[in-house]
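Below: one structure, written as structure tokens.
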Amino acid sequence: MTSSPRVGGRPDPTSGTTASGEESAPARGYLLDNARAEAGERFVRLAELFDGVTRGHVDRLGVGAGSRCWEVGAGGRSVPEALAAAVGPTGYVLATDIDPAWLGAGDGYEVRRHDVAADPPPEPGTFDLVHARLVLVHVPDRARALATMAAALRPGGWLLVEDADTALQPLACLDDSGPAQRRANRLRDAVRELLARRGADLRFGRTLPRALREAGLVDVAAAGCFPVGGPACDRLEAATIRHVRGELLAAGLTDDAEIDAHLAAIDAGLLDLTLAPLISAWGRRPAPTERPGPQLR
């Protein structure tokens, strides 16, 4: 076996190998699952960081009173509630997740348990908007999931997919200026390695425009968002590290002292933490008389 590629002197988790060069056996299940209390904190902070971005795209795509929307892998309540407010009482919002525990009973939207990579599309051919944020990067069969979402669209309906590209910007601290910042970057590498072992595609965000075209959509375009610093980034980082602490320790990627020091630095406000870019891509299901294919906008 060859040794794994390295970035800045550290193993590159996107290579699918361990630091020793041996093939890593993928663990099973979603690393950042909804079953832990930290998931709720993560949903709150992700909403603070990205809901404005998502709402801007939804508004621009023409979602309004009477629209039918499917929120895929909803996780928390913020996006389904925003969609429900946009479509009003004459519209319809379906929020699905493999574990819908954080969605509650729904306020203006319906909740269903659904696996987008395994189950057929609900009510195919009927939705004006299908949206997924930070979902497909973790789904092994992404092409099937995209096909399921595209099949749920009515002709003229829009698919909006938003996913991170962690390999595009792998650092936790862009200003790698001292021990605390370098420690944060080491731990970000460790979390990326865990994600890669679970089957996440850390380069997925950049492929979204092509993936939407390959799913048969037209009028495809994309944009990016790159949060840098602030309380929401800090609290999201702390919740994520607490969420995966046991997995990091079990994998031998860090120790308790390093994790505790990192969490203390976050609490002290010493770090300007950032995230991977969020790539938002959208495409329209063509009418029967249109020819699917690459489109420029």
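The values are calculated or read from the model by the stated rules, or taken from the named source; none is laboratory data. Worth saying up front: this structure is predicted, and the values here are computed from it rather than measured. Counting neighbours? That spans all protein chains shown, and the Cβs are built from the backbone with ideal geometry, glycine included. Surface accessibility is based on the protein's heavy atoms, side chains included, excluding ligands, DNA and RNA. Shrake-Rupley method; radii C 1.70, N 1.55, O 1.52, S 1.80 Å.
Points to keep in mind about this one:
- Entry comment: accessible area of the chain is 43 Å² per residue, from protein heavy atoms only and a probe of 1.4 Å.
- Unit Cα scatterers, Debye sum, the chain: log10 I(q)/I(0) for q = 0.07, 0.16 Å⁻¹: -0.27, -1.30
- Taking the square roots of 5 times each eigenvalue of the Cα gyration tensor of the stretch 157-235, largest first, gives ellipsoid semi-axes of 30, 15, 10 Å.
- Percent of C-alpha pairs per 10 Å bin in the stretch 123-257, short distances first: 11, 35, 29, 18, 7, 1.
- Between LEU168 and ALA101, the FRET efficiency estimated from the beta carbon spacing at R0 = 45 angstrom works out to 0.90.
- Peptides 173-180, 92-99, ordered by how many other C-beta atoms sit within 10 Å of their residues on average, highest first, read 92-99, 173-180.
- Accessible carbon and sulfur surface of the chain relative to its total accessible area, %, 1.4 Å: 53 percent
- Beta bridges per DSSP with both ends in the chain, % antiparallel, nearest 5: 50 percent
- Full-stretch length increase - ALA264, ARG154 - with 0.36 nm per residue and alpha-carbon distance subtracted: 34.6 nm
- For the stretch 143-185, the normalised intensity computed at q = 0.15, 0.31, 0.33 Å⁻¹ comes to -0.57, -1.04, -1.08 (log10 of I(q)/I(0), Debye sum over alpha carbons, equal scatterers, no solvent).
- Of VAL244, VAL53, the order by accessible heavy-atom surface (1.4 Å probe, DNA, RNA and ligands excluded), from most exposed downward, is VAL53, VAL244.
- Label point distance in nm, ALA221-THR289, each placed 7 Å from Cα along Cα→Cβ: 2.4 nm
- Ellipsoid semi-axes for the stretch 199-297, based on the Cα gyration tensor and the rule √(5λ), read 40, 16, 9 Å when sorted largest first.
- From its DSSP helices (H runs of at least four residues, each -39,500 (n - 2.57)), the chain gives a residue-normalised ellipticity at 222 nm of -11000 deg cm²/dmol.
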